[in-house]
Amino acid sequence: MSVKKVIGIGLSIVLLGLNLIAAQLSLESYEDKVLGGWLGQMVGNIFGIPTEGQFIFSPGPQSLTYYQTLPSSAIADDDTFNDLVWLSALEKYGLEFTSRDLALEWQEQIKAGDMACANYIARLNIEKGIMPPLSGHPSNNPYSLYIDAQIEADIFGLISPGMPDEACRYASTMSELMCYSDGEYGARFIAAMYALAFIEDDIPTIITTALEFIPRVSRYYEIIKASIEAYKQFPDNFKRARSRILQKYYKSSITPSGGWVQADINGAMVVLALLYGEGDFDKTLALAVWLGLDNDCNAATAGGIIGTIIGGKRIPEKWTLPLQDLYLNGGRLKNVPYYLKITDIAKRTLDIGLKNVEKNNALFKDDLIELPNYSIVTPDYKQPWSDDEVASGICKGWNDEWQIQNLGWDMNPGILSSYEGRTNVFASHPLNQNKPFAFVRTVTLPENKTAILKLGVTSFNGNTHPTHFEADWLLRVYVDDKLIFEKLIAREAGKIKWYDLEVSLTEYAGKTINLRVENVPNNWSFEAAYWDYLDLEIN
């Protein structure tokens, strides 16, 4: 097969087999593989949920080989329900949908409270009118490197059989809602593997080919490449390969670039599960769970890819029969029945996929689809923002007279349009138990003037955890590292309270001082602080 490399504006393109048909796929096989993709991700999701996030520093027990509790249907979880939103959007807007179209369908179908991480922030952004690509940009979304887009790209591979370039184009469009840089590259990589699974059954080939659809300079590319090499070095020991990757790449702190829900480290676990699984559905699924981290997501992704490779008919019935061909929406998605048939979901996906291959000039001969050739298209590299860059921008526009330090990323810090009756509230959280969050500034106070620090603060409202009345924190104010004020910010009689406080700085008149206002953890339980205002008044 001839290969020609073409450099275009903003894209690196490799044309494979010019003017040749890339592959053939029977209609029956396409239908079976689409069903296998859906079943694989649903089964993997259910299998992994009980141990999600439990196996971080060491793998899970190899005794986990089957459902812990036998299901009676597939369930609506973020590994699958967003793909259903995208399916609805494809049916409504067609194959040339935009990221704004997806955002509108998202907004119509599911509320922000049913989401987490980058999705949650993106949905809040959209409610505020911050539409994609800004809704997923790190200037507006501190979790843009998280796994969200990666676990929602499956459908774009399923509608693009043998067309990984198309799958990646769609995945990048979707990623604009919630992710950026390596967050987007994870979506492209997974979508490409799904697309290739229709025309290739050699797993190393699928992985290495899909990898070429993301920038080689990216951390995501590096970590997947390292995973392939670890597998080659330890072909009979997945634990050693896992240890090699985690030792070099895992960042344990929960930050914009760290923690167990990052796209890149979880992408590596998917790759190891596929490689060590050697094409066996049971083995692949079990490995995806044993390898840990966000393992319900990884089991769903690996399960969906291997399910696409082997097709639905070859997935062992012990996994699929308990589901009874049912997907329990349970009201999670609006305008969607309480139950859906999995086979109907697959059929809807197939219909869109057939339109996609026709749009891309596939030839139909009897029950055979002669698929078009594909090009390896690599997008321009997007440099991820550092944790410090994200932190510095997270309260921009709230009160630009202050800088922030030691922002922790629990409990979704950032500007809230409203909170407990007040508007434009900034939420902070300490970095850890030893490093309080702080507002800092250096200011010269004029002589013969009264200077007062005025601030309005409160604590976590507990709406999602109503029994957690211990949610409180210490407010501390320092001048030149000297503590001048301290107060416990807590509920009163179990009810949230706003504290409107004044701290006199008049004794420092005529001096240049370093002012520090801290959100200090108290017992490390729901330590978020909420700031209505933080002003220095001079009269």
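In table form, for the structure just shown:
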quantity	calculated
From the options Thr69, Thr51, residue that is surrounded by fewer than 20 Cβ atoms within 10 Å (Cβ to Cβ), closer than 25 Å to Ile345 by Cβ and out of contact with any Phe, Trp or Tyr (no Cβ under 7 Å at 6 or more places or on another chain)	Thr69
Subset of the range 435-483 [at pLDDT 95 or above, charged (D, E, K, R) and either in a loop (DSSP other than H, G, I, E, B) or under 21 Å from Asn522 (Cα atoms) (or both)]	Arg476, Asp480, Asp481, Lys482
Count of the range 326-347 residues which are touching a helix residue (DSSP H, G or I) at 6+ places or on another chain (Cβ under 6 Å) and surrounded by fewer than 17 Cβ atoms within 10 Å (Cβ to Cβ)	1
Residue ranges of strands (runs of 3 or more DSSP E) in the range 354-422 with at least 1 members free of Cβ contacts under 8 Å to residues at least 24 places away in the same chain and among the hydroxyl-bearing types (Ser, Thr, Tyr)	414-419
In the range 263-312, residue nearest to Ser243 (Cα to Cα) [restricted to those that are of a type in the set (D, E, K, R) and assigned to a helix (DSSP H, G or I)]	Asp264
Residue that is nearest to the chain's Cα centre (by Cα) [pool: residues in the range 273-313 that are closer than 21 Å to Leu323 by Cβ and among the charged types (D, E, K, R)]	Asp296
The range 523-539, subset in a loop (DSSP other than H, G, I, E, B) and not small (Gly, Ala, Ser), residue farthest from Phe460 (Cα to Cα)	Asn539
Test result for Asp154, closer than 22 Å to Gly36 by Cβ, in the same structural domain as Gly36 (by TED's automatic domain parsing) and either out of contact with any Gly (no Cβ under 9 Å at 6 or more places or on another chain) or surrounded by fewer than 24 Cβ atoms within 10 Å (Cβ to Cβ) (or both)	no
Every pair of residues 6+ apart whose Cβ atoms lie under 6 Å, when the first sits in the range 310-329 and is within 20 Å of Leu158 (Cβ to Cβ) and touching a residue at least 24 places away in the same chain (Cβ under 8 Å) while the second is aromatic (Phe, Trp, Tyr) and crowded, with 16+ Cβ neighbours inside 10 Å	Ile315/Phe281
Residue in the range 75-90 that is of a type in the set (Gly, Ala, Ser) and closer than 17 Å to Asp410 by Cα present	no
Ser160 modelled with pLDDT of 95 or more, surrounded by 21 or more Cβ atoms within 10 Å (Cβ to Cβ) and farther than 14 Å from Leu102 by Cβ	yes
Some residue of the range 486-496 being assigned to a strand (DSSP E or B), over 24 Å from Leu416 (Cβ atoms) and out of contact with any helix residue (DSSP H, G or I) (no Cβ under 7 Å at 6 or more places or on another chain)	yes
Cross-chain or 6+ apart pairs with Cβ under 7 Å, the range 124-147 first and farther than 23 Å from His429 by Cα, then among the charged types (D, E, K, R)	Met131/Arg100; Pro132/Arg100; Pro132/Glu176; Pro133/Glu176
Residue in the range 499-522 that is surrounded by 17 or more Cβ atoms within 10 Å (Cβ to Cβ), among the charged types (D, E, K, R) and under 19 Å from Asp400 (Cα atoms) present	yes
Filtered residue count, the range 231-258, keeping only those that are assigned to a helix (DSSP H, G or I) and among the aromatic types (Phe, Trp, Tyr)	3
Positions within the range 240-266 being among the β-branched types (Val, Ile, Thr) and over 25 Å from Met115 (Cβ atoms), in sequence order	Ile245
Only listed residue being modelled with pLDDT of 95 or more, in contact with a Leu (Cβ under 8 Å, 6 or more places away or on another chain), part of a helix (DSSP H, G or I) and under 21 Å from Gln41 (Cβ atoms), chosen from Ile207, Ile228, Ile190	Ile207
Test: residue in the range 79-93 that is over 23 Å from Tyr180 (Cα atoms) and part of a loop (DSSP other than H, G, I, E, B)	no
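Matching residues to (1) buried (at least 21 other Cβ atoms within 10 Å of the Cβ); (2) under 25 Å from Pro384 (Cβ atoms); (3) without any contact (Cβ under 8 Å) to a residue 24 or more places away in the chain:
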| residue | (1), (2), (3) |
| --- | --- |
| Thr209 | no, yes, no |
| Glu229 | no, yes, yes |
| Pro235 | no, no, yes |
| Lys239 | no, no, no |
| Ser253 | no, yes, no |
| Gly277 | yes, no, no |
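The values are calculated or read from the model by the stated rules, or taken from the named source; none is laboratory data. Quantities reported herein were computed from a predicted structural model and do not represent experimental measurements. Backbone-built Cβ (ideal geometry, glycine too); neighbour counts: all protein chains shown.
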